[in-house]
Amino acid sequence: MKLDPIILSLLDTDLYKFNMNQVIFHKHTDLNGEYYFKCRNEGVRFTPEMLAEINEQIDRLCSLRFTKDELNYLRTIRFLKNDYIEFLRLWHPIRDYVTTGLSEDGELSVVVRGPLFSAMQFEIYLLEIINETYFRMSFDYEELRASAKEHLDRKIAKFRDGTYTFRFAEFGCRRRLSREWEDVVVHRLTTETDCCVGTSNVYLAKKYDLTPIGTYAHEFVQMYQGIDSIPLAYTNHYAMQDWYDEFKGDNGTALTDTVTTDLFLLDFDRSMVNNYTGVRHDSGDPYEWGEKMIAHYQKYGVDPRTKQLLFSDSLDFDRAQHLYDYFKDRTKVSFGIGTFCSNDTCEEALNIVIKLQYVNGRPVAKLSDAQGKEMCRDEEYLKYLRNSVAFRINRQKELQ
């Protein structure tokens, strides 16, 4: 079974890839990275035919270039700078950076190695390719699409009848059922409801004249763990400083849980509270996290109603509505909803990731606020990182 090309444009990725890449282009071109694929579902098996299709799709991806029209669109995004966009005129995905394989029991391996500014761009494209290949070659696609349409119809009806009243952005690139279905979802949610404020998918934002949405991901903070001169427990501090220096307070939603939110709050001081428009939740209890963030703003005399809490951790629409009802009178509340928008079918969605694991040969890791979301290939390093974080947090408590 041969599939049509899955990636048709290099804009078919999340906005935050361009944001992070611009900072790397301006400040950290000396970094090299290694990314590794993982499927968190139990019992998922890939076949040799799937691997062959995935490799062919990667070959097609690496033949693409940004068009003049696409580059001109990127120039309309106010915080992307012209020198970086001129760099993208020259850049393209390099096939030699990606290796794939398949174990005897059907476990897929994908590794990306190369200069960080180039290696990091593969993540979303590869996840889109892997996910669509798996679902088209494992199931009856038309049955999946019919069930997805039925579920989408119900969601839209609940926005129209007032069951759902929150506003959100579509964050569904990486685990979408297909390119074609994400297109349908974004178009319908933004034309048939008043509650979808945009999409992380830059290609669809361009196509439908929507707001492209996103700031940075865990990998941005992780990469500072690979810089020798930066103490591990201060990586959030340096990441946020570089981000502010690059964007001057624009594009300012901080991700809190890369090395735990408790550590993040030590660096989220008065200046950072004022410099950033809000914060994003991606692991742990969202209610506990929200209360913690509101208290932190109040500690610095900032009205939480002037700041945004963005929730993005494995959300469905019912969970989002409950969170909205709980926090709406105390702060600005927003949501990024991914898989439940773009791959809600009669079959279980894949929980697949491609995570940064080494920078300049040194292991890096995300700790998060919840067990099960960690991913590190070096257990000794992971223990050392945990101890470094705990030492700084405990020392700060002793000084209070």
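The values are calculated or read from the model by the stated rules, or taken from the named source; none is laboratory data. The shown structure was predicted, so the numbers you read here are calculated from the model rather than taken from an experiment. Positions of Cβ are backbone-derived with ideal geometry, glycine not excepted, and every protein chain shown enters the neighbour counts. Heads up: the accessible areas ignore ligands, DNA and RNA and are worked out on the full protein's heavy atoms, side chains in. Shrake-Rupley method; radii C 1.70, N 1.55, O 1.52, S 1.80 Å.
See the values below:
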read-out: Filter result for S200 (in contact (Cβ under 8 Å) with a residue 60 or more places away in the chain and more than 16 Å from the chain's Cα centre (by Cα)); value: no
read-out: Whichever residue in segment 248-273 is at positive phi and modelled with pLDDT under 95 and, among such residues, is most open to solvent (accessible area, probe 1.4 Å); value: K248
read-out: Count of segment 142-161 residues which are small (G, A, S) and open to solvent by less than 40 Å² (accessible area, probe 1.4 Å); value: 2
read-out: Cross-chain or 6+ apart pairs with Cβ under 6 Å, segment 359-373 first and surrounded by fewer than 15 Cβ atoms within 10 Å (Cβ to Cβ), then of a type outside the set (V, I, T); value: R362/G226; A370/S283; A370/G284
read-out: Any chance S103 is polar (S, T, N, Q), at pLDDT 95 or above, closer than 30 Å to V185 by Cα and open to solvent by less than 50 Å² (accessible area, probe 1.4 Å); value: no
read-out: Extreme residue, surrounded by the fewest Cβ atoms within 10 Å (Cβ to Cβ), among residues of segment 316-346 that are assigned to a loop (DSSP other than H, G, I, E, B) and in contact with a Phe, Trp or Tyr (Cβ under 6 Å, 6 or more places away or on another chain); value: D316
read-out: First in segment 73-90 and touching a residue at least 24 places away in the same chain (Cβ under 8 Å) and exposed (fewer than 13 other Cβ atoms within 10 Å of the Cβ), second anywhere and of a type in the set (D, E, K, R) and not in a helix (DSSP H, G or I), Cβ under 9 Å, 6 or more apart; value: R78/D250
read-out: Residues being in a loop (DSSP other than H, G, I, E, B), in contact with a strand residue (DSSP E or B) (Cβ under 8 Å, 6 or more places away or on another chain) and not polar (S, T, N, Q) - total across segment 353-383; value: 8
read-out: One residue from I58, I85, I54, I7 being among the aliphatic types (A, V, I, L, M) and under 19 Å from the mean Cα position of the chain (by Cα); value: I7
read-out: Check on F166, modelled with pLDDT of 95 or more, buried (at least 19 other Cβ atoms within 10 Å of the Cβ) and either of a type in the set (D, E, K, R) or more than 29 Å from P48 (Cβ to Cβ) (or both); value: yes
read-out: Any chance Q57 is touching a helix residue (DSSP H, G or I) at 6+ places or on another chain (Cβ under 7 Å) and more than 30 Å from D228 (Cα to Cα); value: yes
read-out: Residue count, segment 362-400 (criterion: of a type outside the set (D, E, K, R) and closer than 24 Å to L127 by Cα); value: 10
read-out: Qualifying positions in segment 77-117 - over 23 Å from F18 (Cβ atoms) and in contact with a Pro (Cβ under 8 Å, 6 or more places away or on another chain); value: L102
read-out: Breaking point among (1) on the phi > 0 side of the Ramachandran plot; (2) open to solvent by less than 30 Å² (accessible area, probe 1.4 Å); (3) not polar (S, T, N, Q), for H218; value: (1)
read-out: Residue pairs meeting the criteria (Cβ under 6 Å; at least 6 apart or on separate chains; first closer than 19 Å to Y134 by Cα and touching a residue at least 24 places away in the same chain (Cβ under 8 Å), in segment 331-355; second open to solvent by 10 Å² or more (accessible area, probe 1.4 Å) and polar (S, T, N, Q)); value: T345/S147; C346/S147; A349/T339; L350/N41; N351/N41
read-out: Output for segment 31-51, where each listed residue is of a type outside the set (S, T, N, Q) and within 23 Å of the chain's Cα centre (by Cα); value: L31, G33, E34, Y35, Y36, F37, K38, C39, R40, E42, V44
read-out: Lone qualifier among R160, R174 - being closer than 26 Å to H218 by Cα and among the basic types (K, R); value: R174
read-out: Which numbered condition D242 misses (of (1) modelled with pLDDT of 95 or more; (2) farther than 28 Å from I354 by Cα); value: (2)
read-out: Filter pass, D140 being closer than 22 Å to C39 by Cβ and over 27 Å from the mean Cα position of the chain (by Cα); value: yes
read-out: Failed item in (1) touching an Asp or Glu at 6+ places or on another chain (Cβ under 8 Å); (2) under 27 Å from E56 (Cβ atoms); (3) buried (at least 22 other Cβ atoms within 10 Å of the Cβ), with W181 passing the rest; value: (1)
read-out: Test for T133: is it open to solvent by 10 Å² or more (accessible area, probe 1.4 Å), β-branched (V, I, T) and in contact (Cβ under 8 Å) with a residue 12 or more places away in the chain; value: no
